[in-house]
Each structure stands twice: as structure tokens, then as C-alpha cells.
Amino acid sequence: MASASFQTITPVDGSVYLERRYADDGEIDDALSAASAAQAAWAATPISERAALCAKAVDAFVAKADRHAEELAWQMGRPIRFGHSEVGGFEERARHMIAIAEEVLADVQVGEKEGFLRYIKRVPLGVVLTVAPWNYPYLTAVNSIVPALMAGNTMILKHASQTPRCGERIADAFAEAGLPDGVFQVLHLSHEATAKIIASDEVDFVAFTGSVPGGASIEKAAAGHFLGVGLELGGKDPAYVRADANLGHAIENLVDGAFFNSGQSCCAIERIYVHADLYEPFVEGFAELTRQYKLGSPLDPGTTLGPVVRTSAADFVRGQVEEAVAAGAKALVDPTGFPADAPGTPYLAPQVLVDVDHSMRVMSEESFGPVIGIMKVGSDEEAIGLMNDSPFGLTAAVWTEDTEAAIAIGDRIETGTWFMNRCDYLDPALAWTGVKHSGRGCTLSRLGYEVLTRPKSYHLRTAT
Ligand code: NAP
């Protein structure tokens, strides 16, 4: 028999941090009915009122930033000193999507035609289900929640079993803002129940963020039900440091891009290609800066590198590293310099590997942990070939002082976002999207609204 509840095991010390009951069939039916019943009135609510309510919810959420930071540390291991940046990112994205809604959702005018009134309206899809991951539990969820609501949809959120409280906190903020009943609801759901909801014909869109296998399951559940599916999946994001790069900036930014959140970011830098002219000083500086991290309890304000989410995730990365080293890679960081590093726990020292190649899993498979492989390249051409040699395509980045060269290289890279001199960042004004196994669809930006609405054409003959 399927389990009726689940536990969240904290990576801090392996104890049970939370226990939640899964929603039962009756609660799920009630939530779907409430979402459906509330939708027409919500869609008829002026955008300015929807904006005021969403803005109030953002205010309520931000006001509790300290509590969110502490809860993030317990649920998924984010060092407490960095918890506020997630709240800040939530606010930035939410406020941007609220600010552009009126303009983006306005009717599309198609030009005058005598005797006719013609325009295209953007209408909400209906009920949107968001399925969110634990690694950036607020940042990923907000990408679809706020625009879906602003567009006039009602919403159900299923958050990860590692971060159930994050879903509840978002619901608290909307409740505090006075959102009408049924417009935003959180359910704790098993995979089976999630699939059942998707196949129930009672939701109109699923916004999924998570792993490639998770995305594939969602697509299967949706097949034949004619609902939209947005998939924000994994990555193996590359960076290329050109010979003309600002070395200090490249090192500093790429160490952060590789190791922030213990490398558990979909757009973390996972492989670096460095031009031969800069290779030696880059590798030396990169390894030196990596050794400065302080690995420890995420609750300690001095900690700059927390544990990964669970021991199995640490073991997965350890396995990739051991395999690469056995195949000839060189590990530049001595884990004994990190006293908290302990096999059999999620506490894992960062690692920098050189003498790697693409036959090694650490250079081809998403690591989602604090490890990076660095390879020497001789030309832009070689770097382009290596960057594209991946089943993923979420983001990619180049470090150079030559903007034209950056654009020319970027035109040839198979990626959803192309960066120059930055990485591991989402600008809410730009479309967040991936190619290949990194996903389908798009969130954020004005294009994100197109996914959460459908066009409705008005074709009226006014002269008969
Ligand atoms: P995950 O295991 O796929 O889980 C993500 C969410 O989907 C969770 O809520 C999970 O529920 C649910 N889920 C997973 N399999 C499911 C299924 N078969 N049926 C229904 N629901 C299912 O991914 P994760 O380990 O949490 O997150 C890490 C992955 O997400 C990485 O690959 C990362 O790159 C990717 N990611 C991508 C983006 C992006 O924007 N492209 C952003 C962040 C993360 P439970 O928790 O209950 O299992």
C-alpha cells in the first residue's frame, strides 16, 4: 500500500526535520474543484487588483526573510548567510513579472481593417499545477506561480518532499495578502497522485522544474490529455575562458558559479575550458580560491559551503571523482583540508579536477554537487565543439573582453542562455529556457506569459 505520509530528513544532522501527510483523494478532489470554481472570478478581477494582491503577498513573504533563511538551512542545507539571497531573488522575479503584466497581457492589435474590429486577447489557461524542486525552492517556484496568477489562472503547487515547508510558506504569504479562496493552494503529493492530477483533465498546464527522469514522467502522465507542459530540467553547463579574459574576475566568478549552493544549481558551472595561454594561472588561482571555502553546518554563520542535500547525492559525486581519478584525472583539492568532509554523510569537500576528458562521467553527466572539471583548449573552435558535446543545453558562458567574439561564439552554442563574463544567474527580463534535455518551454520575461495564456481571436464584422 502506498505510504500516507513522508518525512523530510535534514542534511544538517540526518534527523527527521518534518513529517507531512500526503493529501488524500478527497482533499485532492476538493482542491481541484476549488481551483476550478475560483478561476472565472479571478480571471475577471482587473490586472491592477491581481497585481496589488500579488505584491502584498511578496511583501508578506519578504518580511519573514530571516525565518526563510533558517528553514532553508534545515530543509536543504543552504548556508544561513546565503538564505536571504534566495528571498531577494524571489522578490526580484515576482516584482518584475507583476510590473510587466499589464503591458504584456494587453490585447494584441493587428491593424485597422474597414468594417471590422479585430484583435487577439490573451486569456488564462485555467488551472496551473506547479511541481517544484528543493534546490532553489523559492526561486524555481516563483517563476511560474506569480505569472500564472497574474495571467488569471488559479494554481496548485506541489513542492518537493525535501522542502514541503517552502510550499506552505508561499501559501501563508498569499493567505496573508487576502487572495480569494481556491486561487492558490498547496498540496503535499506523492508521484502517483501528481500523475493522477495531471491525467485528470482538471488541470490545464503543468509547470515542472526538476530532473530529466522526473520531466519524462510528467510528459508521460500528460500524454493524450492535451494540456501544456513546461519542463525546466537539468544541465551540464560549460564555461569557456578565452585568452583575452580578465583572469581574476573569471576565477572569482567561476568558483562561485561552480560551488554556490554546493553546486546544486541547474545552471551551476560544471565544466570549464580554458585557453592554453591562461590555463596554468587559471587552474592555480581556481584551486587556491576553492580551498578557502568553509565546509560545515549550514546553521553556522561562518559556513560558506553547506552539505549536499543527502548522503546518496554526496556518494554520487564521490563516485564520479573516484572514477575520473582512476581514469587519469588529477584532483587538486585535498579533502583533509576540510575537517567536516565525512564519507557516509552529505558533508563533501569541493573538488577541482584536471587532466579530464569527455569519456569521464564527471564531464558528461550532471554532477549537481561541488566538483568541477577543467580542460585546456587551443582555440575558440575547440571550445565550441566541447561546449556543444553534451546532451544538455541550459546555459553556457564565455569570459572575454571581446563582445563581438562572444556573440559570434554564442550564435554557435546550443544553449537556452548565453552569458559573457557572468554565469549561474537568471535575469527575469530574459526568457528562462533550455534546449536538448534541459527542457521545453519558457518561464520569466514577457515570453513566459505566452506559455501561461492562450490566444483568443476576436473577428467582428461591424458593417453589414
Ligand atoms: P526531481 O527529483 O525531478 O524532483 C523535482 C520535483 O518533481 C519534486 O517536487 C519531486 O517530488 C517531483 N517529481 C519527481 N519525479 C516525479 C514523478 N515521477 N512524478 C511526479 N512528481 C515527480 O528533481 P530534484 O532532484 O528535486 O531537483 C534537481 C534537478 O532539478 C536537477 O537535475 C536540476 O538541474 C533540475 N533543476 C532545473 C532547473 C531549471 O530551471 N532548469 C531549476 C532547478 C533544478 P518529490 O520531492 O516528492 O520526489
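What follows is calculated from the coordinates using simple rules that are stated; it is not laboratory data. Here the structure is a predicted model, which is why all the values come from computation and not from measurement. As a convention, Cβ positions derive from the backbone with ideal geometry for all residues, glycine included, and neighbour counts pool all protein chains shown.
A few points about this structure:
- Neighbours of Val123, meaning other residues whose beta-carbon lies under 13 angstrom from its beta-carbon, give a summed charge of +1 when Lys and Arg score +1 and Asp and Glu score -1.
- Cα pair count fraction exceeding 35 Å, expressed as % - the chain: 34
- Local electrostatic count at Leu187 - Lys and Arg +1, Asp and Glu -1, tallied over other residues with Cβ under 9 Å: 0
- Semi-axes of the equivalent ellipsoid of region 257-383 are 24, 16, 13 Å, computed as sqrt(5λ) over the eigenvalues of the C-alpha gyration tensor in descending order.
- Cα centroid separation - region 172-227 against region 101-139, whole Å: 19
- Relative contact order, percent, region 137-196 [alpha-carbon distance under 8 Å, six or more residues apart]: 38
- Sorted peptide list for 202-208, 212-218, criterion being average Cβ within 10 angstrom, highest first: 202-208, 212-218
- FRET efficiency for His225 and Glu288, using Cβ-Cβ distance with R0 set to 56 Å, rounded to 0.05: 0.55
- Calculated FRET efficiency for the pair Glu450/Phe116, C-beta based, R₀ 30 Å, to 0.05: 0.75
- Net +/- balance of residues flanking Lys56 in space, Cβ distance below 14 Å, scoring K and R +1, D and E -1: -2
- For the chain, DSSP calls about 40 percent of its internal beta bridges antiparallel.
- Look at the dipole of region 237-427 built from charges on Cβ: of Val398, Thr415, Leu289, the Cα furthest out on the positive end belongs to Leu289.
- The chain, relative contact order in percent, only Cα pairs under 8 angstrom and at least six apart counted: 19
- Percent RCO, i.e. relative contact order, over region 237-427, from Cα pairs under 8 Å lying at least 6 residues apart: 29
- Additional length obtainable on full extension of the chain from Arg81 to Arg361, 0.36 nm per residue less Cα span: 97.6 nm
- Taking a ≥ b ≥ c as the square roots of the eigenvalues of the alpha carbon gyration tensor, region 1-120 is oblate, as a/c is not under 1.5 and a/b does not beat b/c.
- Nitroxide proxy distance, nm - points 7 Å out along Cα→Cβ at Thr403 and Glu381: 2.8
- Placing a pseudo-label 7 Å from each Cα along the Cα-to-Cβ vector at Ser3 and Glu323 gives an inter-label distance of 2.7 nm.
- Selected from Ile197, Ala57, Asn246, residue furthest toward positive end of dipole (the chain; charges at beta carbon): Ile197
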